[in-house]
Amino acid sequence: MTGVEGVTGVSGDEVVERLDGLHAAVEAGRGRVDDDVVTDATKAAERARERLRLSASHTVVALAGATGSGKSSVFNALIGLDLAAVGVKRPTTSWATACAWDPSGAADLLEWLGVPARHQVSRMSMLDTSAEDLEMEGLVLLDLPDHDSTEVSHHLEVDRLVQYADLIVWVLDPQKYADAALHERYLRPHATHADVMFAVLNQVDRVAVPDRQAAMDDIRRLLDDDGLQAIPLLATSAANGDGMPELRRALIDRLHAKEAARARVAADVETLANRLADAGGVEAATGADETAAGAARETLVGAVADATGLATTPRQVARATEGHARRVAGWPPLAMLRGGGPRSDSAVTPVDESRLDGAVRDYVDAVGAGTSGAWAAALRRAARDRQPELVDRLTSATADATRAAAPPGWCRALGALQLLLALAAVAAVVWQLVGSPPEVGGLDGGWAGAVVAVVALLVLAPVAGALATAAARSGLREQAGTVRRGVASAVDETVVAAVGAELAAYAAWQRGLSAARGT
Amino acid sequence: MSESRAFAELVSALIRLRQSLDDVSLPLSAPGADEAREARRTTVDQLEDYVLPRLLQIDAPLLAVVGGSTGAGKSTLVNGLVRAEVTSTGVLRPTTRAPVLVHHPDDAYWFTADRILPDLPRSDGDAAGPALRLVPHPGAPRGLALLDAPDVDSVDRANRDLAGALLGAADLWIFVTSAARYADQVPWQVLADAARRSTAVAIVLDRTDPEDAAEVRGHLARMLTARGLKDSPLFSVPESAMVDGLLPASTVEPVRGWLDELAGDTAVRGTVVERSLLGTLRTLVYTAHQVADAVSQQVDAVQAMRADVQTAHAEVSGRSVDAVRTGTLLRGPVLARWQELVAGSEPDRWAEGRRAGIRDRLSSVVRGRQRPSTRLEEAELEAVSAALVEASAQLSDEVASRWATSARGLVAEPDATSRARSTRELRARAGAHAAAWQASAVALVRSAAGADGSMTGDADRLAGLGAVLQVAALGGPESGGAGSGSGTAVATRVRAVEEARDVLRRALDTDPGPLVTRLADELRDRTRASLAADREQRLATVAALGAETHHVESIREAARTVDDLRPASGAT
């Protein structure tokens, strides 16, 4: 199948690729782009997929046209039987009639088309199988009701089957070829389907021979105005057979190329993709590229940290932590005197939600630059929905940051050692006064012990203080880093993640649509 | 009431109706709005083109409009009736682009000036475009003009609209169809209009094979009966070879005879004119009420949009004012800066009027002489302006989401550029409010301290105390601050407010409560003013839509008057 390259040059694989692209775009756009458009596209894509699954060796050709344009006469002339009702009373045909050449494989197709068995006829099952019929093998010809009569049910049937046919032959007639009903409702909306449509000026016998070219030129002009420059235009007369062989030939050519179904699906996919693109936009998301988005995220993290008041907290915490460490490590009486210094119970400052809100809005505007309408709104919505969670996480991160770090264990050990030394000094004095300590190096043992303890204490106290300060400061740097990382991860895991997911969906949407349009 | 008086009143009511329909706007794309717009336009056109001119010149010749589908052979029929090639025919569709009016030379008075179809420009030559081409021809009957109209179902929209307008102005329709055409939907819709207006209609079945004629004619007659047109004369003109480019006289004879009869008998002519006119007035009143219904729906929708703005404003404004009252604005950077300053005992220095220590002064010189309160002031400016911006942004979101349902399709999502611009404007306005508020704080401190004059000249101290007053005011107008939120957060805020008030008390030697309340109230008022400006902007957008109740009323009033006077004028 894929090897056949004909009029339209769309291979089977390519059509499947385009359909997959459309599917991806629809999935990405669901809930973000206008629901009606997405739902329509889903249904149409479903129909297209269904058609590809059904017989690829059959081609459904629909004859469509106004009342009295001679669809049924053309139908009868093509199948060589007086099957479809022809009459002067309008409208004549009330339901679609189908004629299948080689009906064996077409049953599923006809069921899918929704043409009941009583309105079907098969050409090959009849006895008069001729060379001509063999040539037409694989054709399913539909005679549609009119699209412009007072019978509204006819229009609905036409609207339905026009979506299903692989190839549509618009039967025009000299009186009616310029009707608004035809051009505005059917031809203009199918401008992307020029490859899978034919226009036929029937009843050409009613136009005087010298005027025929002018009439054909005029129709060509109207078709060009509809955006259908590529649609083939033939002149026929079902009544006297003029032009019928050419029409038959043209149909047979399409039939043998066996790609009308694919071409039709490709045209449908293009139309749908264009409609989706109109609804959601496919502009490049200039703000979403890596450098721009990275810079925007940096700005956001900075602005959020500012909004929490964390920019000032570390210094304040530094004082508290330092004081605490010194108190713990210092000589107990001195440490108690220190109590009047900077406050140790550093406080939680609630996040400034207004500033946070502004920062998030700026971020969304920056990374969403280039996206239009529906997608820009989706980005804003995604960010806004995660904002409360961000505030919660920032609050806990802030609480961690403002808690003064506990001094390391050895600070306490130093403090305990100093306390022991002080106690030892006191004990030595008491021993000297109450007991009789031995002499050490010519001095009373008690006094000597007290002096040693006091000297050790005097040496140890400042050293311990300095050590504690150094430890507190290094711990604080670490803590500031931790806090900053905490803010960054809170921002990343809420707003940035949510917006990132939307941007990823937008990228999938763009990719899908560009695949669907074959660009 | 005399008849002439009733007549004058009818005319004036019709003019009022035309004016009120002209004034009205249907800005929203509600269901049925397109139809109502179309109805309004055609009604105005009909009043201008037909009803008023016809009422004022009841003796003017009958205007018979030859209308129908493209390719049905209207022009050929007109030429055949006049027995001269007065209008162009051809195989190309649509053929008749400029409408052609054929009248007897004696009737020229009525047509040359803008008595009939006053809005349509005249062209005497063959100029193309939507101009009425007048062709005086002795072949036309006296007292009846034939107008060859464009196709009602033409692919060219301008052509279609013009056809509609001309049919609306007809005293008599000659509806031309063909065997291939007679069941088309579009012309039947137009015919249904004629039946509603009780316009006299003659149907000409053109281009029919003689052998099919009987069957088609029978079917067509049944369709006419089913659609309330059974009294209309039905003529068939068989498809036949042209004689000198015209239909053979014999084929058009029945139609011509009927027209001559109409044109010749003044009484019959008067009846035809009156019937169409009264029918038109009846449908006109009906349509006017329909338009009024549609306008009324739109007025309701616009009211709903207004209500949306008000509700959204009340909600956001309430929330923002609440935030000022409960002191939740004292948070984040402002609070952190305050704590930092308190930790360094800086506010105590401002309170006691002490000079900064040598070390501090040295460091401030090295840093480029920044006063100690600068960073707190910056944080306060930022906090207030961010709060104002957020409130406006919330209002804008709220209104947009409400309008998304009440005014679907009318208010487009702003694109990135316009959103960026409005954000910039919003920030500038909020920044101005915040700066003015800070200036008020300093002014309040200065006036409170002004009594002893000790502080004039010490700008740093004044600014510092102003910043302290702002901290207290952000914490709420009431002492202690009501507070909301988690326990520790409230405790932090309450303590900061107490500290700030204490600093002020010591510095100003008086209870700072009234000052704090005044500054907090000013913040509340500025928040309200800023949101009120946003609300007014939205309301102005709504007002610009121009759907007002009085429009509905004036249409209904004029339509009622026309309806009341209608039967009375029937006697004229």
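The residue pairs whose first member lies in region A:26-42 and is free of Cβ contacts under 8 Å to residues at least 40 places away in the same chain and farther than 15 Å from residue A:514 by Cβ, whose second member is open to solvent by less than 70 Å² (accessible area, probe 1.4 Å) and not small (Gly, Ala, Ser), and whose beta carbons are closer than 6 Å, counting only pairs six or more residues apart or on different chains, are A:30/A:38; A:42/A:26. Looking only at residues in region B:174-194 that are open to solvent by less than 10 Å² (accessible area, probe 1.4 Å) and more than 14 Å from chain A (Cβ to nearest Cβ), the one that is farthest from residue B:236 (Cα to Cα) is B:194. Scanning region B:321-352 for residues that are within 14 Å of chain A (Cβ to nearest Cβ), open to solvent by less than 20 Å² (accessible area, probe 1.4 Å), among the small types (Gly, Ala, Ser) and in a helix (DSSP H, G or I) turns up B:332, B:336. Among the residues that make up region A:440-449, is at least one of them over 30 Å from residue A:410 (Cα atoms), within 40 Å of the chain's Cα centre (by Cα) and open to solvent by 60 Å² or more (accessible area, probe 1.4 Å)? Checking region A:440-449: not a single residue is over 30 Å from residue A:410 (Cα atoms), within 40 Å of the chain's Cα centre (by Cα) and open to solvent by 60 Å² or more (accessible area, probe 1.4 Å).
From the list A:156, A:234, the one residue that fits, being more than 11 Å from chain B (Cβ to nearest Cβ), open to solvent by 10 Å² or more (accessible area, probe 1.4 Å), within 28 Å of residue A:271 (Cα to Cα) and not in a helix (DSSP H, G or I), is A:234.
Of these, B:212, B:206, which one is more than 18 Å from residue B:79 (Cβ to Cβ), among the charged types (D, E, K, R) and within 12 Å of chain A (Cβ to nearest Cβ)?
Result of the check over B:212, B:206: B:212.
Of everything in region B:155-173 that is farther than 27 Å from residue B:221 by Cβ and touching a residue at least 60 places away in the same chain (Cβ under 8 Å), the residue that is farthest from the other protein chains (Cβ to nearest Cβ) is B:169.
Yes/no matrix, rows are residues, columns are (1) within 11 Å of chain A (Cβ to nearest Cβ); (2) out of contact with any Phe, Trp or Tyr (no Cβ under 7 Å at 6 or more places or on another chain); (3) at pLDDT below 90:
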position: B:385; (1), (2), (3): yes, yes, no
position: B:390; (1), (2), (3): yes, yes, no
position: B:398; (1), (2), (3): no, yes, yes
position: B:401; (1), (2), (3): yes, yes, yes
position: B:404; (1), (2), (3): yes, yes, yes
position: B:415; (1), (2), (3): yes, yes, yes
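Restricting to region A:195-224, name every residue that is under 37 Å from the mean Cα position of the chain (by Cα), within 23 Å of residue B:157 (Cα to Cα) and open to solvent by 10 Å² or more (accessible area, probe 1.4 Å). Across region A:195-224, the qualifying residue is only A:224.
Rundown of residues vs (1) in contact with a helix residue (DSSP H, G or I) (Cβ under 6 Å, 6 or more places away or on another chain); (2) open to solvent by 30 Å² or more (accessible area, probe 1.4 Å); (3) among the charged types (D, E, K, R); (4) not in a loop (DSSP other than H, G, I, E, B), yes/no style:
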{"site": "B:251", "(1), (2), (3), (4)": "no, no, no, yes"}
{"site": "B:257", "(1), (2), (3), (4)": "no, no, no, yes"}
{"site": "B:263", "(1), (2), (3), (4)": "no, no, no, yes"}
{"site": "B:267", "(1), (2), (3), (4)": "no, yes, no, yes"}
{"site": "B:275", "(1), (2), (3), (4)": "no, yes, yes, yes"}
{"site": "B:280", "(1), (2), (3), (4)": "yes, no, no, yes"}
{"site": "B:285", "(1), (2), (3), (4)": "yes, no, no, yes"}
{"site": "B:288", "(1), (2), (3), (4)": "yes, no, no, yes"}
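Checking each residue in region B:198-209 for being crowded, with 24+ Cβ neighbours inside 10 Å and outside any strand (DSSP E or B) picks out only B:199. Here residue A:493 clears all of (1) free of Cβ contacts under 8 Å to residues at least 60 places away in the same chain; (2) open to solvent by 80 Å² or more (accessible area, probe 1.4 Å); (3) assigned to a helix (DSSP H, G or I) except the condition numbered (1). Residues that are among the small types (Gly, Ala, Ser), modelled with pLDDT of 85 or more and either touching a strand residue (DSSP E or B) at 6+ places or on another chain (Cβ under 7 Å) or crowded, with 16+ Cβ neighbours inside 10 Å (or both) are absent from region B:541-553. For region A:57-70, the set of residues classified as buried (at least 17 other Cβ atoms within 10 Å of the Cβ) and more than 12 Å from chain B (Cβ to nearest Cβ) consists of A:58, A:59, A:60, A:61, A:62, A:63, A:64, listed by residue number.
Among the residues of region A:210-247, just one is modelled with pLDDT under 90, under 30 Å from residue A:133 (Cα atoms) and among the charged types (D, E, K, R), namely A:242. Selection within region A:269-295: residues that are small (Gly, Ala, Ser) and within 14 Å of chain B (Cβ to nearest Cβ). The member of this set that is surrounded by the most Cβ atoms within 10 Å (Cβ to Cβ) is A:280. List the number of the failed condition for residue A:134; all other conditions in (1) exposed (fewer than 15 other Cβ atoms within 10 Å of the Cβ); (2) under 27 Å from residue B:151 (Cα atoms) hold. The failed condition is (2). Considering every residue within region B:71-83, establish whether at least one is away from chain A (no Cβ under 14 Å) and open to solvent by 10 Å² or more (accessible area, probe 1.4 Å). Among the residues of region B:71-83, at least one is away from chain A (no Cβ under 14 Å) and open to solvent by 10 Å² or more (accessible area, probe 1.4 Å), which makes the answer yes.
The values are calculated or read from the model by the stated rules, or taken from the named source; none is laboratory data. Worth saying up front: this structure is predicted, and the values here are computed from it rather than measured. With ideal geometry, Cβ positions are generated from the backbone for all residues, glycine too; neighbour counts draw on all protein chains shown. Surface areas here come from the heavy atoms of the whole protein model, side chains and all, with no ligands, DNA or RNA. Shrake-Rupley method; radii C 1.70, N 1.55, O 1.52, S 1.80 Å.
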